[in-house]
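Q: This is the structure I want to talk about, given as structure tokens.
Computed from the coordinates by the stated procedures, all read-outs in this text should not be read as laboratory data. Model, not experiment: these values are computed from the prediction. Methodologically, a virtual Cβ is constructed for each residue, glycine included, from the backbone with ideal geometry; neighbour enumeration extends over all protein chains shown.
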Amino acid sequence: MISIQNVTKYFKKNHLRKDDTDERFRVLDNISLTIQDGEFVSFIGPSGCGKSTLLRMIAGLLVADRGKVLVDGREIEGPGSDRMVVFQDYVLFPWMNVRNNIAAGLKIRKESRETVEKKTAWAIDLVGLGGFERSYPHQLSGGMKQRVAIARAIVMNPDILLMDEPFGALDSFTRISLQEELIQLCDKNHYTTCLVTHDCDEAVYLSDRIVVFTSSPARVQEIIQVDLPRPRDRNRPEFIEIRNHILRLGRIQAKQQERQGRCS
């Protein structure tokens, strides 16, 4: 279980300055949220509102200025193999083929050769990359690169899967296909999953709950429960209503930002 308790985060306006004289701006403002074991939760909100910052704090890549982030009651003090991150830009090693990219974390963890080969083969089969084991990143399509990134995360057998707009740069056909594969993976392996997305349709299709954030500094605007059976029909009236509700919340935020801009 992930527990986010009254988390506030600041960044410097000029991150290149090394002194403490530079003005800070608030990115996250007193965020509290609980994510249950095995739950799929999406973070959605305006660009730059702090969604990815919160995800990186769960990953242990950033630290809160106030408040705490805990996993199973223990405060996060840094990255861990129980939490794996899939980024939008793949972050693959260009000099490694598919097999070695996927196996990299296992080798760093000094697993036995037999274990590495067995787990890597399992992950390759799971994401449908059989036959491409010896291919290099420059030889792969965007969708295949993202499959490698997902396989590299799940091969570590994490408890928590963190995904930062993993399908944002893909064409709609590939994105829908990978969304279907992802939900099957998460259900089968009982991952606790946090997804940052700008896509309302994607959030409704994948999530048990959707956390809608305000513009920066991010606050929780609304938490939406998605009680629709899987596999989900994107044309079902209830699906469309939830998607349209998120869009309405976004329009409210846009109007508030516009009014604040005129007043400043």
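Q: Taking the Cα centre of the chain as origin, sum charge times position over the Cβ atoms of Lys and Arg (+1) and Asp and Glu (-1), and report the length of that vector in debye to the nearest 20.
A: 640
Q: Using only Cα atoms and rounding to the nearest 10 degrees, what angle (0 to 90) does helix 172-189 make with the longest principal axis of the chain?
A: The helix 172-189 is inclined about 80 degrees to the chain.
Q: Here's another thing I want to ask about it. Which order, highest average first, do 226-236, 2-12 follow once you tally other Cβ atoms within 10 Å for each residue and take the mean per peptide?
A: With the highest mean Cβ count within 10 Å placed first, the list reads 2-12, 226-236.
Q: Under a crude label model (7 Å from the Cα following the beta-carbon direction), how far is D82 from Y136 in nanometres?
A: 3.9
Q: Given labels modelled 7 Å from the Cα in the Cβ direction, how far is it in nm from L228 to H245?
A: For L228 paired with H245, the spin-label model returns 1.2 nm.
Q: Okay, moving on. Tilt of helix 98-108 relative to the longest C-alpha principal axis of the chain, in degrees (0 to 90, nearest 10)?
A: Between the helix axis and the principal axis of the chain, the angle is about 80 degrees.
Q: To continue, here is another question. Could you tell me how many degrees, from 0 to 90 and to the nearest 10, lie between the Cα long axis of helix 237-263 and the main elongation axis, the longest principal axis, of the Cα atoms of the chain?
A: The angle comes out near 50 degrees.
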